[in-house]
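S.K.: Dropping the structure in here first, questions after.
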């Protein structure tokens, strides 16, 4: 039985009690937040991570992103990253490997931390398609859902799923054009697949099936924002907002199905648009937890992270390791937080 189902029944679970204690609020406050969709606690039937409440009325949370690349595949390095991230105060961990043995890497990372661990199944599905067929556009739809279920069974607690990329949002992007194009790796992968195959995004067209997987394995669904802007000139444009509308509607369906949901956004925007984007997202989504990718408030110094990130992101640097800390914003304030 999902946390949402328990919350709607009026039951206060041990996870809700622990989050209430950590946050200094009443357990009933947490229960009501989960029942309404304003709060999530990523859990899993396969492991017991430290309960982390994300959402309205709770502290802003910091997520540490780690993972291998096609150039560097060092599992021990990734394990060390995970341990350092947890020791230095990260609330959740995002495992974003794009190189090596995906199963083994994720399994060992999950075993090495007590934090809730997130992933982007689409990355693995498309990269495995390159290995198997020679191209991302040859990925089979079933393979995407298979990877999602496999990652869930490893004990992955939350997943960024690119549901808002569909033929309608892609057409919106084509009509308006962009200076920075698509900066989202997942968004670019899926858009290329859709255009080449002349098909709808299966994560959108088969959303009910996706929800079945999420609910069966008690995974928190983070609505990926593949249309987020990668350049200030493109900030808060029609494609970004169209995707937000789609994700907000889908997040309501997910909540009704008993799947905890986070909505992502807004991307690379100037500081004077942060307030408007947070308020817009909260209004459209029914105040669901907001996972903020960006905003980066300057694009004049690419390659110089300490300058580009100065106003909005926190970077931990440890020899070759960099921890990109992101926050799941739980407030409607536009004051710069971590991310």
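Any read-out appearing in this document is the output of simple, stated calculations on the displayed coordinates, not a laboratory observation. Nothing here was measured: the structure is a model prediction, and the numbers come from that model. Positions of Cβ are generated from backbone atoms using ideal geometry, with glycine treated the same way; all protein chains shown enter the neighbour counts.
S.K.: For the range 58-108, which residues satisfy the criterion of being touching a strand residue (DSSP E or B) at 6+ places or on another chain (Cβ under 8 Å), crowded, with 16+ Cβ neighbours inside 10 Å and on the phi > 0 side of the Ramachandran plot?
M.R.: 67, the sole residue that qualifies.
S.K.: Any idea which of 203, 182, 211, 195 is without any contact (Cβ under 8 Å) to a residue 40 or more places away in the chain and under 24 Å from residue 128 (Cα atoms)?
M.R.: 195
S.K.: Taking the range 14-45 as the region of interest, how many residues are closer than 19 Å to residue 155 by Cα and either more than 23 Å from the chain's Cα centre (by Cα) or crowded, with 24+ Cβ neighbours inside 10 Å (or both)?
M.R.: Residues in the range 14-45 being closer than 19 Å to residue 155 by Cα and either more than 23 Å from the chain's Cα centre (by Cα) or crowded, with 24+ Cβ neighbours inside 10 Å (or both): 4 in total.
S.K.: Right, residue 221: assigned to a strand (DSSP E or B) and surrounded by 19 or more Cβ atoms within 10 Å (Cβ to Cβ) or not?
M.R.: When the stated conditions are applied, residue 221 passes them.
S.K.: Can you list residue pairs whose Cβ atoms sit under 7 Å apart, with the first residue in the range 130-150 being within 11 Å of residue 190 (Cα to Cα) and the second being surrounded by fewer than 16 Cβ atoms within 10 Å (Cβ to Cβ)? Count only pairs 6 or more apart in sequence or on different chains.
M.R.: 136/130; 136/192; 137/192; 137/196; 137/197
S.K.: Turning to a different aspect of this structure: Do any helices (runs of 4 or more DSSP H) entirely within the range 63-153 hold 2 or more residues that are under 16 Å from residue 44 (Cβ atoms), and if so, which?
M.R.: 102-111, 141-153
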